[in-house]
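Read the structure below first, then the notes.
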Amino acid sequence: MRSLLLLLLISSSVMAQQAENPYSDPVPIAAPYYRVRYEASTDEGGLIYPVNYTLWLPEGVKTLRGVIVHQHGCGVGSCRSGQTGAFDLHWQALAKKHGCALVSPVYEQPETADCQKWCDPRNGSSAAFQQGLKDLAKQTGHPELATVPWAIWGHSGGGHWSGGMLLMHPERVAAAWLRSGVPMVVEKEGRPSPHEISEAAASVPAMCNLGTKEGFTVKEGRFTGVWSGVNTFATKMREKGALISISVDPLTSHECGNQRYLAIPWLDACLTLRLPEEVGQPLVSIEEADGLLTSFPEPDVAVAEPVAAEKFDGDKTKSIWFPNQAIASSWVQYMHDSKVTDSTPPPAPTSLEVQGNTLTWKAEADLESGLAPFTILRDGKAIAQVPAKSKNPFGRPLFQGLQYSDTPVQPLVEMTFVDETAEAGKQYDYQVVSENTVGLKSN
């Protein structure tokens, strides 16, 4: 009886601690995942919140070429969602292609606390991030982690942070995708001092992305100030000749929706152009003239097809830039219905093992369209789908699910299936087929 009472007290204590600290249950890690964590700083100008950084390394990479950063937004819910960012198979596919690490920070912001204390990188989060990379460099045995370029994706307050990092460290940023948040570049009462836009910052490709209900076509609601901020930021950047673009999700508000199907190919194109052949060399500069231009999007106005920069005859300070024709065409699709098409099937699963009636396997995501459910074949006949029901309230159904801030659902879905109808002692021929989010299946 005493043992039972003690067990209940311990259980209640653990539950109470988790309720008080929403960051007490990070996803467990083992190589190729690594993590560092820092307590809140008490130094002047230091980061006032605890933070942890989880990193994933592509298998077999000898020398990393860069770091892809997936940055959550403000508030406890968004901050917690960052716990699964480094485990996202779709973002890992991008990182693997370019020989990059994938990093997902988690700023342990308390409920109702001031988000600006981390999402403005001048408040200690820039320094903490760079220290995290140095310490992860030691953990992983990849000293180049401390110096290679960054490709930064950020949502909401994370967009503010990502844009701030671009403006503060343009020599390190290969490209930046800012979803539903941008840094301050003009004076505004009650807001932090604006960032300066340098010539170097103007040379970094950047995409401002938002939902149409964030003030673009819908003018009432919690997030309707986003469009005004994006419009101001993009205009000021473009006045400096910045390689900047704007994309508007026609279906969403502040949630990320289907933006990854444009974001990942866009970052892929930018990394292809920007990463140097030899690690340690400066980022490759690209010219506006080598891309395409079209006019700023306007509410309730059909988008103008992008044209070669040299053929654009509109106001260049109100134009947006694309790295190539494929991205420009995908942008037109995305602006229409967010359904970026894809004709490439996903990679086939590997390492299928059968122990009794339990199947396990490995699979990589399709770079363009990610991973949807798997189909289980037994003796050539489909018998199940994993997961059995794939739901995603924020966009296309994904194998790992999708949270509000574009990260997998926790706990993570595993690549395993138990064949409950298998007959004991009978041998079967099993196959697992991958499917991407546009319905294409692996060979």
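Results, tabulated for the structure shown:
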{"quantity": "Computed E for T63/E189 - FRET, C-beta separation, R0 56 angstrom, nearest 0.05", "calculated": "0.70"}
{"quantity": "Centre separation in Å (Cα based) which lies between region 393-443 and region 18-74", "calculated": "27"}
{"quantity": "Candidate residues K97, K391, K117: accessible-area rank, largest first, probe 1.4 Å", "calculated": "K391, K97, K117"}
{"quantity": "Violating pairs (Cα-Cα greater than 20 angstrom) within the set K311/K339; K62/K97; K236/K316", "calculated": "K311/K339"}
{"quantity": "R0 of 22 Å, Cβ-Cβ distance D300-A326: FRET efficiency to nearest 0.05", "calculated": "0.20"}
{"quantity": "Extension gain, A308 back to E20 (0.36 nm per residue minus Cα-Cα distance, nm)", "calculated": "98.2 nm"}
{"quantity": "Dipole in debye (nearest 20) - region 140-191, about Cα centre, beta carbon charges: Lys, Arg +1; Asp, Glu -1", "calculated": "140"}
{"quantity": "Peptide ranges 416-423, 66-73, 270-277, 52-59 listed from the most packed, as the mean C-beta count within 10 angstrom indicates", "calculated": "66-73, 52-59, 270-277, 416-423"}
{"quantity": "The chain: calculated mean residue ellipticity at 222 nm from DSSP helix runs of at least 4, using -39500 (n - 2.57)", "calculated": "-7500 deg cm²/dmol"}
{"quantity": "The chain: relative contact order in percent, alpha carbon pairs under 8 Å with at least 6 residues between", "calculated": "13"}
{"quantity": "Global size of region 293-443 as Cα Rg and Dmax, reported in angstrom", "calculated": "21.2, 74"}
{"quantity": "21 Å Cα cut-off, lysine pairs counted over region 369-443 (separation 8 or more, or different chains)", "calculated": "5"}
{"quantity": "Label-point separation in nm, E423 to S41, each point 7 Å along Cα→Cβ", "calculated": "6.8"}
{"quantity": "Peptide ranges 31-42, 235-246, 207-218, 279-290 listed from the most packed, as the mean C-beta count within 10 angstrom indicates", "calculated": "207-218, 235-246, 31-42, 279-290"}
{"quantity": "Dipole moment magnitude, nearest 20 debye, region 234-275 about Cα centre, only Lys, Arg, Asp, Glu C-beta charged", "calculated": "240"}
{"quantity": "Unit charges at the beta carbon, dipole of region 329-416: most positive-side option, G380, V340, T360", "calculated": "G380"}
{"quantity": "Among T84, T358, T294, residue whose mean-square fluctuation peaks in a GNM of the chain (springs only between Cα atoms under 10 Å)", "calculated": "T358"}
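The values are calculated or read from the model by the stated rules, or taken from the named source; none is laboratory data. Computed from a prediction, not measured in an experiment: that's the story for all the values here. Cβ atoms come from the backbone with ideal geometry, glycine included; neighbour counts cover every protein chain shown. Areas reflect the complete protein model, heavy atoms only, side chains present, ligands, DNA and RNA absent. Shrake-Rupley method; radii C 1.70, N 1.55, O 1.52, S 1.80 Å.
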